[in-house]
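Enquirer: I am attaching a structure below and will ask some questions about it afterwards.
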C-alpha cells in the first residue's frame, strides 16, 4: 500500500465504533481512508454510519493527527501492517472479520504461514503444562510456528517451549503491544519479539481490559492452520478460539484429560463434539499433512517443488477467475485442513495467490 494511506488506517483504528466492517465500508465508499478522514458529517451519514459513530469520528478528527500517529509508532519501534499491505498475513486477510491494522513488535515472516495455535486455561495443571511443552517443542522442531495469547498457564508454556526448541512463536495480545500483560511475562514478551512477533489489533497504549481478550482470539485462529486446546473448563475463554476456528474453516484439536479434572471438562467435550483428539504431535502433523513442512519451506524459494496429487487437483480447478476455498473443498471432497494446507503450499510456491474473501486465483507469474 502507499505510504500516504498508512497514517489514516492508524487514526481510524483509534475511533470507537469503527471496526472491520465499517473500515471496509468507508474505504470502498470514499476510495481511500485518506479521503474518508476528510469527509463531511452528511457524507458519513449517507455511507450508513450511525450518529454515535459519526460523533466519535468527528471527535477523533479534532484530537488525532495521522502523521503524529505514524511518528509515534516509529519512535516506539512498532510496525503497523494494514490489510492492503503485501506483508499482511494472507490467511488473516481472507477472513470477513480481518483486523484493518495489525500492530507488530518483531517480525512476521513467510514461514509463519505454517502455524498452529496452542491455547488453554490460565490455571494449568502439571499434566497440562507437560503436554503444552511437548506439543510446542515438537511443532517448533518440525518448522511449525506456535501461535498463542501470552496469557498465564498454557499460553506461556507454549511460547517458552517453542523458543527453547529454536522455533518461532507469535503472541496475539488483548492490549497494545507496548502494554505487556500479565506483567510477569515481560521477559517472555521480549524473547517472543526476537523469535517471532508480538501482535495486536489494538493501538499502542491500549490497556488489557477483559472485553479485549475474546475478540483477539479470532486472530489466533486466523493465523493458524488449526488450533489445539490443551486444557480448558467448559466455560474457558480458550473455547472461544475454537468457535472462531470452526467459523474460519480451521481444524480443531483437543487433548483428552482426566474425566474428574475440572480443566479437562472443556477439552473432553470438544472431542465428544468432533474435535480431533491429540495424544502426540503426529496427530496434528498428519491431519494437516505437515510432515514435510521444513523441507518444503527450505526449497520453496530456490527450486520448483513437484505438486502433490491434491495440489495438482486444486490447480486443475483454479484459473484467473476467483474461486473460494469453500467451493474447492466441496468440489474435491477433501478434509478442510488438507485443502487449506495445500492452498497455503501453492501460495508459498508462488503458483497461486489470494484474491480476497477467502478466494484464490492462479498467480500472474505463471
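The values are calculated or read from the model by the stated rules, or taken from the named source; none is laboratory data. Predicted model, so just to flag it, every value in this text is computed and none were measured. As a convention, Cβ positions derive from the backbone with ideal geometry for all residues, glycine included, and neighbour counts pool all protein chains shown.
Enquirer: Scanning segment 138-159 for residues that are within 21 Å of residue 114 (Cβ to Cβ) and surrounded by fewer than 22 Cβ atoms within 10 Å (Cβ to Cβ), which turns out modelled with the highest pLDDT?
Expert: 138
Enquirer: Looking at residue 267, is it over 18 Å from residue 170 (Cβ atoms), in the same structural domain as residue 159 (by TED's automatic domain parsing) and surrounded by fewer than 24 Cβ atoms within 10 Å (Cβ to Cβ)?
Expert: No, not satisfied.
Enquirer: May I ask you to say which residue of 53, 91 is touching a residue at least 60 places away in the same chain (Cβ under 8 Å), more than 22 Å from residue 4 (Cα to Cα) and not assigned by TED's automatic domain parsing to the domain that holds residue 189?
Expert: Working: 53 fails: touching a residue at least 60 places away in the same chain (Cβ under 8 Å).
From the options 53, 91, the qualifying one is 91.
Enquirer: Among the candidates 355, 316, 335, single out the residue that is within 13 Å of residue 91 (Cα to Cα) and either touching a strand residue (DSSP E or B) at 6+ places or on another chain (Cβ under 9 Å) or free of Cβ contacts under 8 Å to residues at least 60 places away in the same chain (or both).
Expert: Numbers: 316 fails: within 13 Å of residue 91 (Cα to Cα); 335 fails: within 13 Å of residue 91 (Cα to Cα).
Testing whether each residue is within 13 Å of residue 91 (Cα to Cα) and either touching a strand residue (DSSP E or B) at 6+ places or on another chain (Cβ under 9 Å) or free of Cβ contacts under 8 Å to residues at least 60 places away in the same chain (or both) leaves just 355.
Enquirer: Taking the residues in segment 208-234 that are farther than 17 Å from residue 152 by Cα and not in a helix (DSSP H, G or I) as candidates, determine which candidate is farthest from the chain's Cα centre (by Cα).
Expert: Going through the qualifying residues, I end up with 234.
Enquirer: Assess whether residue 278 counts as being closer than 27 Å to residue 343 by Cβ, in contact with a strand residue (DSSP E or B) (Cβ under 9 Å, 6 or more places away or on another chain), modelled with pLDDT of 90 or more and surrounded by fewer than 24 Cβ atoms within 10 Å (Cβ to Cβ).
Expert: yes
Enquirer: Limited to segment 1-16, what total is found for residues that are surrounded by 14 or more Cβ atoms within 10 Å (Cβ to Cβ) and either at pLDDT 90 or above or under 18 Å from residue 64 (Cα atoms) (or both)?
Expert: The qualifying residues number 11.
Enquirer: Could I ask something else about it? Check 79, 28, 46 and return the single one that is surrounded by fewer than 16 Cβ atoms within 10 Å (Cβ to Cβ) and either more than 27 Å from the chain's Cα centre (by Cα) or within 30 Å of residue 190 (Cα to Cα) (or both).
Expert: Checking each option against the conditions leaves just 46.
Enquirer: Just one of 17, 72 is closer than 28 Å to residue 198 by Cβ, touching a residue at least 12 places away in the same chain (Cβ under 8 Å) and either out of contact with any helix residue (DSSP H, G or I) (no Cβ under 8 Å at 6 or more places or on another chain) or assigned by TED's automatic domain parsing to the domain that holds residue 196 (or both); which is it?
Expert: Values: 17 fails: either out of contact with any helix residue (DSSP H, G or I) (no Cβ under 8 Å at 6 or more places or on another chain) or assigned by TED's automatic domain parsing to the domain that holds residue 196 (or both).
Selected residue: 72, the only one of 17, 72 that is closer than 28 Å to residue 198 by Cβ, touching a residue at least 12 places away in the same chain (Cβ under 8 Å) and either out of contact with any helix residue (DSSP H, G or I) (no Cβ under 8 Å at 6 or more places or on another chain) or assigned by TED's automatic domain parsing to the domain that holds residue 196 (or both).
Enquirer: Considering each residue of segment 241-264, count those that are surrounded by 19 or more Cβ atoms within 10 Å (Cβ to Cβ) and in a helix (DSSP H, G or I), and give that number. Reasoning before the result, please.
Expert: Of segment 241-264, the ones surrounded by 19 or more Cβ atoms within 10 Å (Cβ to Cβ) are 241-242, 244-245, 248, 250-255, 257, 263-264.
Restricting the remaining residues to those that are in a helix (DSSP H, G or I) gives 241-242, 244-245, 263-264.
Looking only at that region, the number is 6.
Enquirer: Among the numbered criteria (1) modelled with pLDDT of 95 or more; (2) buried (at least 20 other Cβ atoms within 10 Å of the Cβ), which single criterion is violated by residue 207?
Expert: Checking residue 207 against (1) modelled with pLDDT of 95 or more; (2) buried (at least 20 other Cβ atoms within 10 Å of the Cβ), the one that fails is (2).
Enquirer: Name the one entry in 91, 96 that is farther than 16 Å from residue 197 by Cα, loosely packed, with under 15 Cβ neighbours inside 10 Å and modelled with pLDDT under 95.
Expert: Within the list 91, 96, the selection yields 96.
Enquirer: Those residues that are touching a helix residue (DSSP H, G or I) at 6+ places or on another chain (Cβ under 7 Å), part of a loop (DSSP other than H, G, I, E, B) and over 24 Å from residue 288 (Cα atoms), I need them from segment 123-175; list them, please.
Expert: The answer is 123, 124, 125, 150, 173, 174, 175.
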